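What follows is a single structure, written as structure tokens, with notes after it.
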Amino acid sequence: MDQAKNFTKGFIRENPVFILMLGLCPALGTTTSAFNGMGMGLATLFVVLMSNIVVSLIKDFVPNKVRIPAYIVIIASFVTIVDLVMAGYMPALHDQLGLFIPLIVVNCFVLGRAEAFASRNTLVSSIIDGTGMGLGFTLALTLLGASREILGSYALFGHQFIQEDGMLVFILAPGAFIALGYLIAIIDKLNKK
Amino acid sequence: MEYIIIVLSAILVNNIVLAQFLGLCPFFGVSSKISTASGMGGAVMFVMTIAAIVTYLISHYILIPLDLIYLRTITYILVISSLVQMVEIMLKKVSPPLYQALGIFLPLMTTNCAILGVAILVIQQEYTLMSGVVFAIAHALGFTLALVLLAGMREQLELLNVPQAMKGNPIILVAAGLLAMAFMGFAGMV
Amino acid sequence: MAKRESTFFNMVFALLVITLIASASLGFIYELTKEPIEAARTARKNSAINSVVPDFDNNPVEEQYTMEVAGGELVFYPAIRDGELVGTAIETFTNRGFSGEIILMVGLLPDGTIHGIEVLEHRETPGLGDKIETGKSGFHLQFEGNNPAEDFQVRIRQDGGDVDAITATTISSRAYCDAVMRAWNAYMHDDAVTYELPSREEAVERVLPPFGNNPLREDYRIQYLGRAYNIFPGRRGRTYTGVAVESTSDSGYIAPVRLMVGFDYTGTISGIEVLEHSESPNYGDLIENARSNFYKQFIGKNPGEDQIRIKEDGGIIDGVSGATTSSRAYCHAVRAAWEVFMKKDLNQGKLYPEYFP
């Protein structure tokens with residue numbers, strides 16, 4: 001497979017959130033601001049990249065029947081590492097993301113990459129795939145976070161550009177669903193062109 | 001009284017799907033029909049309650065005494081996935097009708113973040129075993145309620161003329177958004 | 001390397017190796033991050049304590065104590081400066097937030113005035129409920145310097161109080177007030193342990209050496225240095241065994257302390273009870289007999305021979321830690337009682353200890 005395409009497929013064409021509708025829980029739950037969305041995206045990027053690497057390395061060592069539990073253990077370990085490191089060095093962001101950090105482990109998109117890609121491909125393509133898909137996920141979360149922050153607090157990355165209260169609904173739960181709905185519609189439209 | 005507050009809060013005020021964004025994959029994945037939605041709800045309740053009990057026991061009798069709380073994520077997910085397998089095998093043997101009803105949903109449970117999420121929340125919020133069980137059942141009820149309501153809306157949506165660009169996932173997300181907005185009306189009730 | 005077959009041994013072996021490596025590396029990372037996590041946690045707690053109480057020179061985290069209240073536990077961090085309690089930071093909570101629990105650090109001065117408030121944890125909606133945070137709005141400012149005991153109702157205006165809720169954030173604001181009042185109530189009323197102070201009758205009975213009469217019916221007053229003292233003589237038959245003096249200190253930490261001090265005929269202290277005080281909960285109130293052994297240091301001492309002062313003032317009494325002023329007031333009241341007991345010329349005719357054999 002063309003490695004450039006392999007890298008960019010996660011951005012739009014096979015974007016985990018906008019197209020595959022995977023990993024929606026963190027996508028909606030943590031994107032109250034662009035910064036939080038990006039933080040969550042990067043944490044997931046680390047996990048998907050590292051687990052892709054390890055899975056691709058040990059794919060021949062693990063018997064077929066127990067591969068899923070083995071992948072889960074690997075993913076859970078990296079999730080715990082992210083959890084611990086963030087709690088130690090980025091306590092503020094860690095508090096904001098809260099429960100959604102341990103829940104990366106059940107993000108179907110991470111296990112999906114390990115099972116569907118890394119277990120069948122070489123180390124290099126797995127790294128490229130993990131990075132590309134992780135960046136695509138980060139992109140989606142940042143975009144969703146940015147749109148909610150712009151509409152909901154008239155701010156972007158914490159910089160307020162209109163000194164007023166925003167359209168609060170976009171910060172609240174309903175706004176998350178609605179904003180993602182419209183973003184998907186827009187991306188679909190762009191995709192078809 | 002404490003239990004009533006837990007139940008009301010979990011089902012209406014802090015609905016697991018519409019306010020806490022847990023379990024969204026099945027929420028969108030199995031909400032096309034009311035019948036499958038309620039089947040999924042039953043399976044979630046079953047697994048969520050058992051998972052909450054088992055993870056509670058493991059936390060309080062193994063992880064906390066041994067100061068191994070940092071292994072929480074990895075232990076829970078392993079316990080939940082083996083639990084799902086066991087439940088599946090046992091249901092098949094013990095109660096074939098129940099297995100018929102819930103069986104196809106069980107494999108989806110491992111990657112349902114609502115299950116792991118509730119298990120972690122029970123420990124984080126320091127519930128006792130009994131209130132933890134009530135908490136889990138109430139969250140499962142809240143999940144089922146949201147799922148069935150969305151399924152009802154989607155069945156109606158089938159009959160509507162939706163703008164071309166919004167067809168499919170976008171309109172479902174907007175519908176879920178409106179549902180979440182309705183649930184916001186319960187805020188402050190507890 | 002060819003794919004390994006799914007034999008039982010292979011499966012168990014592979015999983016075993018993976019879990020071993022996983023848990024070993026997690027243990028390693030855990031040890032590595034343990035300190036930063038702990039440091040981040042204490043740093044946050046310390047900075048919250050620093051900003052809600054006046055300057056102190058002790059380590060409040062080391063001297064923390066907890067109190068069970070309905071629904072949970074409050075943690076108290078006493079701030080002490082020069083041996084004196086200057087304020088208490090209280091880690092308090094409420095479950096009435098828009099999205100569950102909110103944890104606050106509320107700083108109270110010893111008389112219950114709110115000195116500062118910081119939000120430690122919350123899950124309120126960003127852009128809305130999170131305005132309760134100190135950096136995001138001036139919401140907390142309206143609490144500072146006010147005392148809920150003095151006509152400042154810690155409720156939002158919609159509920160008939162004096163607090164302006166944050167726009168569109170009634171529930172979070174209401175929850176915030178709830179958490180503040182939980183801390184304040186626990187601090188002021190000491191919900192967990194309330195000991196009844198003894199009545200005058202009980203106190204007289206406890207502090208006097210054995211007696212057979214009814215001292216309360218033979219009481220009288222003495223004026224000394226502009227203050228009135230109630231005297232309760234105890235006797236057996238016609239022989240006086242001791243006397244109880246009701247004595248008040250010049251001033252306590254918040255208000256004067258009123259004691260009942262019993263002496264035997266030699267002027268040796270036979271017992272002391274606290275009748276009334278308004279000292280700080282868990283500090284000054286340790287002078288109460290039910291709360292500490294502070295009073296036992298006095299029993300058997302004779303103020304004529306022993307320096308009834310705290311050690312800081314050159315005496316023999318160990319002050320209650322963190323409550324120097326309260327201890328000092330207590331000693332003062334004891335000395336005043338003794339002086340009244342000894343001054344023969346104060347009350348013509350009925351002098352002590354001349355009654356004694």
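Here are some notes:
- Toward the positive end of the charge dipole of the protein assembly as shown, with +1 on the Cβ of Lys and Arg and -1 on the Cβ of Asp and Glu, the farthest Cα among C:G112, C:P54, A:S77 is that of A:S77.
- Whole-angstrom Cα spans of the protein assembly as shown along principal axes, big to small: 115, 61, 49
- Ordering of C:58-71, C:239-252 by burial proxy (mean other Cβ atoms within 10 Å per residue, highest first): C:239-252, C:58-71
- Only helices reaching 27 angstrom along their own axis (Cα) with mean Kyte-Doolittle hydropathy no lower than 1.0 count here, and for the DSSP H runs of chain B these are B:34-58, B:72-94, B:129-157.
- Angle between chain C longest axis and helix C:170-189 axis [Cα atoms, degrees, rounded to 10]: 30 degrees
- Computed over the stretch C:200-346, the alpha-carbon pair-distance distribution with 5 angstrom bins reads 2, 11, 21, 24, 21, 13, 6, 2, 0, 0, each value a whole percent.
- Pairwise burial A:B, computed as accessible area of each alone minus the pair, summed, 1.4 Å, Å²: 3000 Å²
- Charge tally in the Cβ shell below 15 Å around A:T131, where Lys, Arg are +1 and Asp, Glu are -1, A:T131 excluded: +1
- Of B:I77, A:I150, the residue with the largest accessible area leads and the full order is A:I150, B:I77 (1.4 Å probe).
- Using a probe of 1.4 angstrom and keeping all protein chains present, the accessible surface of the stretch C:200-346 works out to 44 square angstrom per residue.
- Dipole check for chain B: with +1 at the C-beta of Lys and Arg, -1 at the C-beta of Asp and Glu, and the Cα centre as origin, the magnitude is about 360 Debye.
- More than 39 angstrom apart: percent of Cα pairs within chain C: 39 percent
- In the stretch C:200-346, a dipole from Cβ-located charges (positive for Lys and Arg, negative for Asp and Glu) runs towards its positive end, and of C:G284, C:W338, C:T239 it is C:T239 whose Cα lies farthest in that direction.
- Exposure of A:L20 as accessible area (Å², to 10), given a probe of 1.4 Å and all protein chains: 70 Å²
- Within-13-Å neighbourhood charge of C:Q158 [Cβ basis; K, R +1; D, E -1]: 0
- Between the stretch A:132-153 and the stretch A:19-84, the alpha-carbon center distance in angstrom: 18 Å
- Where the stretch B:20-182 is the region considered: accessible area per residue in Å², 1.4 Å probe: 43 Å²
- In the context of the full protein assembly, A:C25 retains an accessible surface of approximately 10 Å², using a probe radius of 1.4 Å and ignoring ligands and nucleic acids.
- With protein chains left intact and a 1.4 Å probe, residues in chain A average 37 Å² of accessible area per residue.
- Residue mean of other protein chain beta carbons inside 10 Å, C:23-36: 5
- When shorter helices are ignored and each DSSP H run of at least 4 residues is given -39500 (n - 2.57), the per-residue value for chain C at 222 nm works out to -9000 deg cm²/dmol.
- Choice from B:I11, B:I137, B:I64 with maximal GNM fluctuation in chain B (Cα, 10 Å cutoff): B:I64
- Occluded residues from the stretch B:107-128, i.e. those whose accessible area drops by 50 Å² or more once the chain is not alone (1.4 Å probe): B:T111, B:C113
- For the stretch C:65-189, the equivalent ellipsoid derived from the Cα gyration tensor has semi-axes of 23, 16, 13 Å, listed largest first.
- Measuring gaps between exposed loop sites in chain B (trypsin sites (Lys or Arg not before Pro); DSSP loop; at most 15 other Cβ atoms within 10 Å), the longest gap, sites not included, is B:34-166.
- Summing +1 for each Lys or Arg and -1 for each Asp or Glu among the other residues whose beta-carbon sits under 13 angstrom from that of A:T30 gives 0.
- For the stretch C:1-95, size of Cβ-based charge dipole, Lys and Arg +1, Asp and Glu -1, in debye: 820 debye
- Computed from the Cβ-Cβ distance with R0 of 22 Å, the FRET efficiency linking B:Q124 to B:L68 stands at 0.85.
- By accessible area, using a 1.4 Å probe on protein heavy atoms only, the stretch A:3-192 has 70% of its surface on carbon and sulfur.
- Across chain B, the longest run free of exposed loop sites, meaning GluC sites (Glu not before Pro) lying outside DSSP classes H, G, I, E and B with no more than 14 other Cβ atoms within 10 Å, spans B:1-125.
- When C:R291, A:R113, A:R148 are compared by accessible area at a 1.4 angstrom probe, the order from most to least is C:R291, A:R113, A:R148.
- Too-long pairs where the Cα-Cα distance tops 24 Å, listed order kept, from C:K34/C:K136; A:K9/B:K33; A:K9/A:K192: C:K34/C:K136; A:K9/B:K33
- The long axis of helix C:324-342 is offset from the longest Cα principal axis of chain C by roughly 10 degrees.
- C:R44 accessible area, assembled protein chains, probe 1.4 Å, Å²: 90 Å²
- Take every Cα pair under 8 Å whose residues are at least 6 apart in sequence, average their separation, divide by the length of the stretch C:200-346, and the relative contact order is 22 percent.
The values are calculated or read from the model by the stated rules, or taken from the named source; none is laboratory data. Note that this is a predicted model, so its numbers are computed, not measured. Ideal geometry is used to build each Cβ from the backbone, glycine not excepted, and the neighbour counts take in all protein chains shown. Calculation scope for accessible area: heavy atoms of the full protein, side chains included, ligands and nucleic acids excluded. Shrake-Rupley method; radii C 1.70, N 1.55, O 1.52, S 1.80 Å.
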